[in-house]
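Everything on this sheet refers to the single structure shown next.
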Amino acid sequence: MTEPIERVVRFGEDLVGILRLPGPMAPGAPACLLLNTGIMNRIGPHRLNVKIARGLDAAGVPSLRMDLSGLGDSPPAKAPLRADAQAVRDLQAAMDHVQQTLGIDRFVIFGLCSGALNGYRLALADPRVAGLMMFDGFVFPTFKTAVLRRWFRFRRMSWSERWRKVRDRLLFRSRSPARRRLEGDGLPDAQFQTPSRAQFAQSMETLIRRGTSVFLFYSGSYADGHNYEGQLRDAFGNAMFLDHARYAFMADVDHTLTPLETQRRVIAVFRDWVQSLAGKAAIST
């Protein structure tokens, strides 16, 4: 039986990645791209990308964990584009390399936080993306979000803080908008270039009609800020994509998957999902 192997690869504008071959590859298996999270290098938080790559061995799925331009071991681009466009160009170079090396033209993306956003943009730009998992990607607050935010914050206050809060409300005292932003009431829409709800729904519909499988996964890290079970349905009502995209909310999972047990659970969920995509491809061929 062939053992899994890993090798350092360079592609595009001297971008660096680790290509992992699982040994025997499953028929019709896509390749998996594992993306940077924020400014973190290609190993991911708590070596998550490394563990995912190894976890995919059982599914017979090769993977490439890579550094975008200017991150980790990859140098800055010689003629850089805007950050979002540069990320798409880098990821397409990664897909080109895998396609030329392994002959695989179907890809599944695992992106956490900023990686989810880059994966979203890549999927819209390139039909070779067969599957997209967005882990804590775009969030769309609802009325229930506002109620939960205030309740969780109030519950964490001391009795003296609660009394001051109630007193200020009764006396119609309020913080200035600048103060509210400093204390975290502002939503990160501008920072992360969040699409409008209509734009996001249309994008999801475009991907699904094209045959791209979408998995929207949310952790409980923002339970007092944005996320709760059923939030997407509250935010988007009867939007077509909700009946076709896979959705998961795990309240006990944190944003960077710190506990080992949650890492194992999420990796297993992702591996099984990717394996199902490989099975579909094998049946269709």
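Read-outs: derived from the displayed coordinates by stated rules, not from any lab. The structure presented is a predicted model; accordingly, all values stated were derived computationally and were not measured. Don't worry about glycine lacking a Cβ; one is built from the backbone with ideal geometry, like all the others, and counts go over all protein chains shown.
Values for this structure:
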| item | result |
| --- | --- |
| Per-residue ³J(HN,Hα) for region 266-278, Karplus 6.51 cos²θ - 1.76 cosθ + 1.60, θ = phi - 60°, Hz, x for Gly and Pro | 5, 4, 5, 4, 5, 4, 5, 5, 4, 4, 5, 5, 4 |
| Restricting region 48-105 to trypsin sites (Lys or Arg not before Pro) in coil, as DSSP defines it, with at most 10 other Cβ within 10 Å | Lys78, Arg82 |
| Amide H contacts under 5 Å for Ser74, placed H, 5+ residues apart | Val16 |
| HN-Hα J in Hz across region 54-65 - Karplus 6.51, -1.76, 1.60, θ = phi - 60°, x for Gly and Pro | 6, x, 6, 4, 5, 8, x, 10, x, 9, 10, 9 |
| Peptides ranked, highest mean first, by Cβ atoms within 10 Å: ranges 249-260, 18-29 | 18-29, 249-260 |
| In Hz, Karplus ³J(HN,Hα) per residue of region 251-265 (6.51, -1.76, 1.60; θ = phi - 60°; x = Gly, Pro) | 5, 8, 9, 8, 4, 10, 6, 5, x, 4, 5, 5, 4, 4, 5 |
